[in-house]
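K.L.:
Starting off with a structure, shown below.
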Amino acid sequence: MTILFLHGWHSVPGGVKPSYLARHGHEVINPPLDDDDFAQAVRTAQAEYDRHHPDVIVGSSRGGSVAMNLDSGSTPLVLLCPAWRRRGTATTVKPGTAILHSEADDVIPIADSRELVRASGLPESALIVVGTDHRLADPEPLAAMLEACQGAATSPEAR
């Protein structure tokens with residue numbers, strides 16, 4: 001499976017989460033996204049999407065907002081603590097989107113993800129509550145991210 005991984009603000013390619021996905025046999029496209037220019041970050045991500053046509057797009061925090069603002073057709077999204085209220089114009093996500101978020105997130109409130117699920121008309125099961133902080137870099141959330149990617153790529157909503 002090919003995964004476009006969009007990192008968060010002040011994160012860099014090759015971090016714990018994309019490395020975890022790669023170690024589990026997936027091709028991970030992980031471009032550097034501009035921290036200061038959101039529109040440029042979206043353009044970079046869109047170019048990578050258009051070039052690779054990934055099976056799944058994973059967006060972490062600010063990268064989740066970038067993912068929401070892409071023209072990505074029916075490619076499924078897996079969003080990790082998405083910072084959609086802080087950046088971009090998208091206020092809903094497509095069917096089949098999975099959102100992972102920690103109750104203990106002190107950066108992006110989990111209420112934002114609950115609101116996104118409601119506004120998008122997703123089932124409550126689309127929100128996977130996991131982890132102990134915003135990073136979602138411990139074994140349990142990493143495994144949940146991998147499972148969400150594998151499930152999204154084979155769901156009926158996937159292209």
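Laboratory data are not the source of any read-out in this text; all were calculated from the coordinates shown. Bear in mind that the values here come from a model prediction, so they are computed numbers and not experimental data. In this analysis, Cβ positions are derived from the backbone assuming ideal geometry, glycine residues included, and neighbour counts consider all displayed protein chains.
K.L.:
Please give, to one decimal in nm, the separation of the simple spin-label points placed at H24 and D37, each 7 Å out from Cα toward the Cβ.
P.N.:
3.5
K.L.:
Could you run the Karplus curve 6.51 cos²θ - 1.76 cosθ + 1.60 with θ = phi - 60° over the range 142-151 and give me ³J(HN,Hα) per residue in whole Hz, x for Gly and Pro?
P.N.:
5, 5, 5, 5, 4, 4, 5, 5, 5, x
K.L.:
Taking the Cα centre of the chain as origin, work out the dipole magnitude from +1 charges on Lys and Arg Cβ and -1 charges on Asp and Glu Cβ, in debye rounded to 20.
P.N.:
Result for the chain is approximately 240 debye, rounded to the nearest 20.
K.L.:
In addition: If eta is 1.567 mPa s and T is 4 °C, what Stokes-Einstein diffusion coefficient results for the chain, Kirkwood Rh from Cα pairs, in µm²/s?
P.N.:
My calculation gives 87 µm²/s for D.
K.L.:
Once the dipole of the chain is set up with Lys and Arg at +1 and Asp and Glu at -1 on Cβ about the Cα centre, which of P13, A137, L122 lies farthest towards its positive end?
P.N.:
L122
K.L.:
Run the quick spin-label model on A143 and S155: label points 7 Å from Cα toward the beta carbon, then report their separation in nm to one decimal.
P.N.:
Going from the A143 label point to the S155 one covers 2.1 nm.
K.L.:
As a footprinting exposure proxy, order V12, V129 by other Cβ within 10 Å, with the fewest listed first.
P.N.:
V12, V129
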